[in-house]
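Below is one structure, written out as structure tokens; comments come after it.
The values are calculated or read from the model by the stated rules, or taken from the named source; none is laboratory data. Here the structure is a predicted model, which means the values were calculated and not measured. Neighbour counts are summed over all protein chains in view; Cβ atoms, including those assigned to glycine, are modelled from backbone coordinates with ideal geometry.
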Amino acid sequence: MKRLFLLLAVVGLLFTACEPANGLDEDNNGDQTEQPGGGNTDTPDEPGGGNQGNPNAPGNPGDIPADKTRAIKFQDENTKLICILHWDENGDGEFSYEEAAAVTNLGNAFKGSRILAFSELEFFTGLTDIAKHAFGDCASLVNISLPKQITYIGTDAFSGCMNLKKVNHPDLSAWCKIDFSGSNANPLHNGAKFYVNGVEQTNLTIPSDIAEIKFCAFFGCTSLKSVTIGNSVTSIGGSAFEGCGSLESIIIPDSITEIGHAAFKDCTGELIVNCNIPDGDANTFSKEYAFYGSKFTKVTIGDSVTSIGDYAFYDCTSLTSVTIHDSVTSIGYEAFEGCTSLTDTYVNITDLAAHSKSNPMYKIGGSIHLFVDGKEITELVIPDSITSIGDYAFDGCSNLTSITIPDSVTSIGEEAFSWCSSLTSVTIPDSVTEIKSSTFEGCKSLTSITIPDSVTSIGYRAFFACSSLTSVTIPDSVTSIGEGAFSKCSSLISVTIPDSVTSIGDEAFSWCSSLTSVTIPDSVTSIRKKAFINCTSLTSVTIGNGVTSIGVYAFHNCSSLTSVTIGYSVTSIGDEAFYMCPSLKEVYCKPTTPPTLRTDLFDSNTSGRTIYVPRNSVNRYKSNSYWMYYNIVGHDFDYSNTDKDVEIDVIIDSVVGITGNPNYEKDYPSDSTMCIYIKANGNELESIKFFVSTKISAEVTPEEALAQPGTMDLSDQHIPNMVQYGYTLINCTGLTPGTTYNVFLGFTTIYGKTQYYRSQYTPGAAK
């Protein structure tokens, strides 16, 4: 009958599992009213009576009495009923210490139940394992005390115990040896406080007999404020301290060789790392994601650390500062990626020469404050022993105001001084031949730079975002200006591009909002895309005669631009090259053949804008499907300084070539024996001279030929009205059939260059 009554009581308990728990301390303030089972008023001096009658107490039930047959005084009547139902071996309706010690498997006896407290679990000394799901969905469970002998807790053993906030264990060493199958296997995981023998653990010291802090060992523990790990510990398991949101400081000793995945995820406060990295294969500071997602605000890395592994501090969004030594020679892939609050990195170096050659600290991020032997430096003097400054050597050193580079240095690496935001001046020695990619990128306080004559190239983004730079003189030795080299130099007023430069890269001077004028020398062959985009103060541009192409958006949104001169060699202009230039009213376009366009060159407003083109090419522009929409006006350009050649096609043949053409036959006698037939690029030929001679060799110059007896000057026979479609026809009579003649053609191009064409011709008999 008693068993039946207990069974019905437990069944009733289970059927009410979904109802709100009477007496549940929902606000976790320790109050307990309407305790199921009428409460328990046992006094603390009875065996097991330490905190009995209060399900919210962390609980240390007390020592097991000598008389193990005595009944356990339970804090929670519901817990007692379940224990009696499953393990009351003598059927007396009570649950003794002896019966508790005999239990070896909890099974799912408590799964989904409405138990509030289970500090008496400590007396289940026969348990070594807690099965999976053992306390799953015990949503009302507030506190529990585990037996010392537990070595394994199964999957999801405490899943759904969202109100479990107090966990007690009799022995810290034994706790550290528990194998947790996952985070939900650890009763701490929902943010519980951890107690050892009833004492809340706030300042935790790992016992000296522990060599390994296991996987999920303190997962979710909210009571920990500091952790001291002794030198006996060599490894920290994955998620070992994950979710310890109250953790303010943790010291990791140099005995540690392995830190598992997310071991300190969501931890707060300060982290001090002194791990000594051994030789051999164990050559990384930590496994991937060791501190992933941690909420540490400050990290100090000791001088025994040599490397930091991949993703070590990935996504540590609360991290504001890192202190590190130059003992660290390797920082892994994205080790500090996602550290969005990181503003300051303090780097202490002991060997300036070594640091100049190799510096992994740039991977950390934030403004780097450079210290030498513990003293912060602002004026950097590179030692004379240095021949090359390595990539990223002083990247991000925001405290540097000046840099002295000795003549011994022949190479400066990529990003060597990038984002040195306080740097005001630097002198590059004559021994350096190249300014590499991003060398001075982001040096926003740099007002002037001296580029020596030894430099031949300025690399990609070399001076990008040097927003205080007002003027730059590029020496004649430089042949190329890389992509974005001076982009966003917003204070740059003037720049001199020498005749040695042959290429200007994409966006080379983009967003130089103070630049007022620029002259592209004849040596430059192409202006790449967006080269001067958004140069809003630019008023005039002269594009040299060597440029053959202007890239897309080259001068896009140069809103102050009023005048542009386009050199005569330009054959193509990219899309919207001068789009959004509302002040541009005059464009001087020198090419005799209209440059190729694909879409709009200017914005759709064509009114008030005049395109000046060579006078003899007006019709070509007006008939061009893209240029025809603009106001085309002829202009006399000065081509005197050009050496541009004109390509011509000369046909020398007998008069038979025009026989039957009445327009030609009326002007040239039928007994003529030779005609010269010329095709050139339009009317580009001026001062044309023709002459033939039999008495001079082909090596004689035309000037010398004219002085020779027997030379026939045919210049007077040039008939301008016979120039049609670029062809000129000259008649020559009186030549002896079968005799070889030297034929000379001399002319001046519209570009001001004198050219000569020379060939040989042997006329046949008249036809």
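Can you tell me how many residues within the range 427-446 are hydrophobic (A, V, I, L, M, F, W, C) and either touching a Leu at 6+ places or on another chain (Cβ under 6 Å) or at positive phi (or both)? Give the steps one after another, and end with the answer.
Applying the first criterion (hydrophobic (A, V, I, L, M, F, W, C)) to the range 427-446 yields 428, 432, 435, 440, 443, 446.
Then drop every residue that is not either touching a Leu at 6+ places or on another chain (Cβ under 6 Å) or at positive phi (or both), which leaves 443, 446.
Residues meeting the conditions: 2.
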Count of residues meeting criterion [polar (S, T, N, Q), within 16 Å of residue 480 (Cα to Cα) and touching an Asp or Glu at 6+ places or on another chain (Cβ under 7 Å)] in the range 509-556: 1
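Of 514, 491, 487, 454, which residue is more than 29 Å from the chain's Cα centre (by Cα) and either assigned by TED's automatic domain parsing to the domain that holds residue 405 or not β-branched (Val, Ile, Thr) (or both)? Full working, then the answer.
Numbers: 514 fails: more than 29 Å from the chain's Cα centre (by Cα); 491 fails: more than 29 Å from the chain's Cα centre (by Cα); 487 fails: more than 29 Å from the chain's Cα centre (by Cα).
None of the other options fit; the residue is 454.
Output the residues belonging to the range 296-317 that are among the hydroxyl-bearing types (Ser, Thr, Tyr), buried (at least 19 other Cβ atoms within 10 Å of the Cβ) and farther than 16 Å from residue 362 by Cβ. Please lay out each step first, then the result.
Applying the first criterion (among the hydroxyl-bearing types (Ser, Thr, Tyr)) to the range 296-317 yields 297, 300, 304, 306-307, 311, 314, 317.
Checking which are buried (at least 19 other Cβ atoms within 10 Å of the Cβ) leaves us with 307, 311, 314.
Within the range 296-317, 311, 314 qualify.
Just to be sure before I move on: is residue 115 among the aliphatic types (A, V, I, L, M), farther than 22 Å from residue 77 by Cβ and without any contact (Cβ under 8 Å) to a residue 60 or more places away in the chain in the structure I sent? Steps first, please.
On the way: among the aliphatic types (A, V, I, L, M): yes; farther than 22 Å from residue 77 by Cβ: no; without any contact (Cβ under 8 Å) to a residue 60 or more places away in the chain: yes.
The answer is no for residue 115.
Consider residue 471 carefully, then state whether it is outside the structural domain of residue 520 (by TED's automatic domain parsing), within 19 Å of residue 424 (Cβ to Cβ) and surrounded by fewer than 16 Cβ atoms within 10 Å (Cβ to Cβ). Please lay out each step first, then the result.
On the way: outside the structural domain of residue 520 (by TED's automatic domain parsing): yes; within 19 Å of residue 424 (Cβ to Cβ): yes; surrounded by fewer than 16 Cβ atoms within 10 Å (Cβ to Cβ): yes.
It is true that residue 471 is outside the structural domain of residue 520 (by TED's automatic domain parsing), within 19 Å of residue 424 (Cβ to Cβ) and surrounded by fewer than 16 Cβ atoms within 10 Å (Cβ to Cβ).
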Selection count where residues are in contact with a strand residue (DSSP E or B) (Cβ under 6 Å, 6 or more places away or on another chain) and assigned to a strand (DSSP E or B), scope the range 449-489: 8
Selected residue (criterion: farthest from residue 594 (Cα to Cα)) from residues of the range 613-638 that are of a type in the set (S, T, N, Q) and in a loop (DSSP other than H, G, I, E, B): 625
Of all residues in the range 601-653 being among the small types (Gly, Ala, Ser), modelled with pLDDT of 80 or more and out of contact with any Pro (no Cβ under 8 Å at 6 or more places or on another chain), the one that is farthest from residue 555 (Cα to Cα): 623
Identity of the residue in the range 89-104, modelled with pLDDT of 95 or more and more than 12 Å from residue 70 (Cα to Cα), that ends up surrounded by the most Cβ atoms within 10 Å (Cβ to Cβ): 103
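Which ones in the range 327-357 are polar (S, T, N, Q) and without any contact (Cβ under 8 Å) to a residue 24 or more places away in the chain?
340
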